[in-house]
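What follows is one structure encoded as structure tokens, with my remarks underneath.
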Amino acid sequence: MFRRIDDSRPPVLFTFEGKEIAARAGDTVACALLQAGITAFRTSVVTGEPRAPYCMMGVCFDCLVTIDGVANRQSCLTEVVPGMQVSFQKGAANVQP
């Protein structure tokens with residue numbers, strides 16, 4: 001479905017739900033996950049249905065994931081870093097003020 005136009009950037013490895021994912025330097029988390037064939041990033045707060053990135057520019061919040069233990073991170077705006085641990089977000093995260 002998605003293919004890379006320029007494959008010359010160095011690889012970056014991170015995990016999603018414990019599975020190692022290979023991305024490229026400069027990729028966002030959303031881009032890397034979509035490239036790996038992962039299309040559900042979280043569940044809807046209201047219905048529990050799976051949600052995937054929609055706008056890819058930080059407006060819709062459908063791409064929220066948990067990154068390195070921090071919930072509600074926008075995967076479309078977060079660049080992949082080596083060793084990053086990303087996980088599926090189920091509904092609304094419990095955020096303390």
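Values in this text are rule-based calculations from the coordinates and carry no lab data. Here the structure is a predicted model, which means the values were calculated and not measured. Note that each Cβ is placed from the backbone with ideal geometry, even for glycine, and that neighbours are counted across all protein chains shown.
Report the relative contact order of the chain, percent, no decimals, based on alpha-carbon pairs under 8 angstrom and at least 6 residues apart. Don't jump to the answer; show the numbers that get you there.
On the way: 193 pairs, mean separation 30.2, N = 97.
Normalised by residue count, the contact order of the chain is 31 percent.
Specify whether the C-alpha gyration tensor of the chain places it in the rounded, prolate or oblate class, a ≥ b ≥ c being the square roots of the eigenvalues: rounded for a/c under 1.5, otherwise prolate if a/b is larger than b/c and oblate if not. Walk me through the numbers before you get to the answer.
Numbers: a/c = 1.95, a/b = 1.54, b/c = 1.26.
Note, shape of the chain comes out prolate.
Would you kindly derive the ³J(HN,Hα) couplings of segment 54-63 from the backbone phi angles with the Karplus curve 6.51 cos²θ - 1.76 cosθ + 1.60 (θ = phi - 60°), listing them in order in whole Hz, with x for Gly and Pro?
Result, rounded to whole Hz: 10, 8, 6, 9, x, 9, 8, 6, 7, 9.
Please return the longest range in the chain lying between exposed loop sites, taking trypsin sites (Lys or Arg not before Pro), DSSP loop only, at most 16 other beta-carbon atoms within 10 Å, and leaving the sites out. Show your work: numbers first, answer last.
Working: sites that count: Arg3, Arg4, Lys90.
Segment 5-89 is the longest.
What fraction of the DSSP beta bridges in the chain is antiparallel, stated in percent and rounded to the nearest 5? Please list the in-between numbers first.
Details: 14 of 17 bridges.
Once the DSSP bridges in the chain are tallied, antiparallel ones form about 80 percent.
First select every other residue whose beta carbon is under 11 angstrom from the beta carbon of Arg9; then total the charges, Lys and Arg +1, Asp and Glu -1.
Result for the local shell: -1.
What does the helix-only formula give at 222 nm for the chain: each DSSP H stretch with n ≥ 4 adding -39500 (n - 2.57), the total divided by the residues, and the result rounded to the nearest 500 deg cm²/dmol?
On the way: 1 runs with 7 residues, N = 97.
Calculated mean residue ellipticity at 222 nm is -2000 deg cm²/dmol.
Collect residues whose amide H, placed 1.01 Å from N in the peptide plane, falls under 5 Å from the amide H of Ile38; neighbours closer than 5 in sequence don't count.
Excluding prolines and chain starts, which carry no amide H, there are no hits.
Taking amide H positions as placed 1.01 Å from N in the peptide plane, with prolines and chain starts having none, which residues 5 or more places from Cys76, or on another chain, fall under 5 Å of its amide H?
Ala30
Which ³J(HN,Hα) values in Hz, rounded to whole numbers, follow from the phi angles of segment 68-85 under the Karplus curve 6.51 cos²θ - 1.76 cosθ + 1.60, where θ = phi - 60° and Gly and Pro get x?
6, x, 9, 7, 6, 8, 7, 5, 6, 10, 9, 6, 5, 10, x, x, 4, 10
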